[in-house]
Amino acid sequence: MTNHSFLFYWFVLFAVILARYFLIAGGAYLLFYSVLGKFLAKRSLRLKPPMAGSIQRDIKLSVLSAVVFALCAALISKYGIGVTLFYTDLHKYGLWYLGVSFVAVLILQDTYFYFMHRMFHHPLIFKWMHHGHHRSGEPTPWSSFAFDLPEAIIQALFFVGVIFTVPLHLITLVAVLMTMTVWAVLTHLGFEVFPSSSHHHWLGRWFIGSKHHLIHHRKYTVHYGLYFTFWDKLLGTQYPNYEDEFHM
């Protein structure tokens with residue numbers, strides 16, 4: 001993996017990350033807002049239709065974020081093999097460890113994201129660190145990776161740090177990245193397509209869905225988690241009876 005230049009890795013990984021974004025976020029937008037829009041109108045959570053200008057801003061920020069994520073991935077690919085705990089031998093830790101490490105990284109990422117996200121909403125730094133993600137108001141799938149440059153850097157640093165502290169196989173790392181992408185798109189979807197995400201259902205009590213995260217975009221001071229509602233509940237940032245905000 002060290003036979004290619006750093007720029008080669010950066011370009012290839014940027015292309016992969018950008019393609020992933022357009023395929024998943026763009027595919028979700030096309031499916032829910034165009035193909036199935038009329039059929040799912042009653043499941044819409046939005047107060048108004050998305051604006052073309054807002055979508056364009058989200059895409060520009062997402063492309064910038066892809067540059068940053070690709071930079072960190074290229075650094076690891078070019079210089080991190082043998083230095084980090086990344087491994088490729090499936091039998092080194094056993095197949096069972098793939099699942100354990102996957103869950104462990106999701107929990108670590110959710111914890112990292114909660115405190116980082118809550119910090120970004122402090123009035124003194126919000127404008128510089130996180131305003132870009134909220135600029136569009138109510139989000140669409142295109143908003144899922146629309147980050148200001150400082151936020152994109154801090155988010156990418158999680159994966160740099162975790163690969164130095166937790167042994168991760170390529171399969172696990174790819175699974176985490178895909179889970180993060182799909183989950184971010186679903187929570188920014190603007191439609192409630194899974195009734196089980198209701199806070200009355202056990203899944204909705206523990207996992208973040210579209211309704212849960214849309215309340216964050218409306219209220220700003222609640223619901224800072226990424227995957228799980230644990231930290232919001234523990235630290236008092238869970239909005240009470242948030243489904244009362246929606247009249248469906």
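With each label modelled as a point 7 angstrom along the Cα→C-beta vector, the MET119-ALA104 pair spans 2.3 nm.
Heavy-atom accessible area with a 1.4 Å probe sorts VAL67, VAL185, largest first, into VAL67, VAL185.
Short to long, the 10 Å bins of the Cα pair-distance histogram for the range 1-114 hold 11, 25, 33, 20, 11, 1 percent of all pairs.
Considering all alpha-carbon pairs of the range 103-182, what whole percent are spaced by more than 21 angstrom? Present the calculation step by step, with values, prior to reporting the outcome.
Details: 1037 of 3160 pairs.
So the portion of pairs separated by more than 21 Å is 33 percent.
Counting only protein heavy atoms and a probe of 1.4 Å, the accessible surface of the range 123-193 is 82% carbon and sulfur.
Rounded to the nearest percent, how much of the accessible area of the range 20-106 (1.4 Å probe, protein heavy atoms only) is carbon and sulfur? Of all accessible area on the range 20-106, carbon and sulfur atoms account for 71 percent. Cross-linked pairs LYS38/LYS211; LYS60/LYS92; LYS92/LYS233: Cα-Cα separations exceed 30 Å for LYS60/LYS92; LYS92/LYS233.
About the centre of its Cα atoms, the chain shows a dipole size close to 400 debye [charges on the beta carbon of Lys, Arg (+1) and Asp, Glu (-1) only; nearest 20 debye]. Largest GNM mean-square fluctuation across ALA25, ALA184, ALA15, computed for the chain with C-alpha springs under 10 Å, falls on ALA15. Per residue, the range 87-180 exposes 46 Å² of solvent-accessible protein surface, assessed with a 1.4 angstrom probe and all protein chains in place. Applying a DSSP loop filter and a limit of 12 other Cβ atoms within 10 Å to the trypsin sites (Lys or Arg not before Pro) in the range 27-116 leaves LYS38, LYS92. Across all directions, the average projected area of the convex hull around the alpha carbons of the chain is 14.1 nm². Shape class of the range 30-69 from the Cα gyration tensor (axes a ≥ b ≥ c, square roots of the eigenvalues): prolate, since a/c reaches 1.5 or more and a/b is larger than b/c.
Using the Cβ-Cβ distance between SER5 and LEU90 with R0 set to 41 Å, the FRET efficiency works out to roughly 0.90.
Straightening the chain between ILE171 and LEU149 buys 5.1 nm, computed as 0.36 nm per residue apart minus the Cα-Cα spacing.
The values are calculated or read from the model by the stated rules, or taken from the named source; none is laboratory data. Small disclaimer: the values here were computed from a predicted structure and weren't measured. Virtual Cβ from ideal backbone geometry, glycine too; neighbours counted across all protein chains shown. Ligands, DNA and RNA are excluded from the accessible area calculation, which covers all protein heavy atoms including side chains. Shrake-Rupley method; radii C 1.70, N 1.55, O 1.52, S 1.80 Å.
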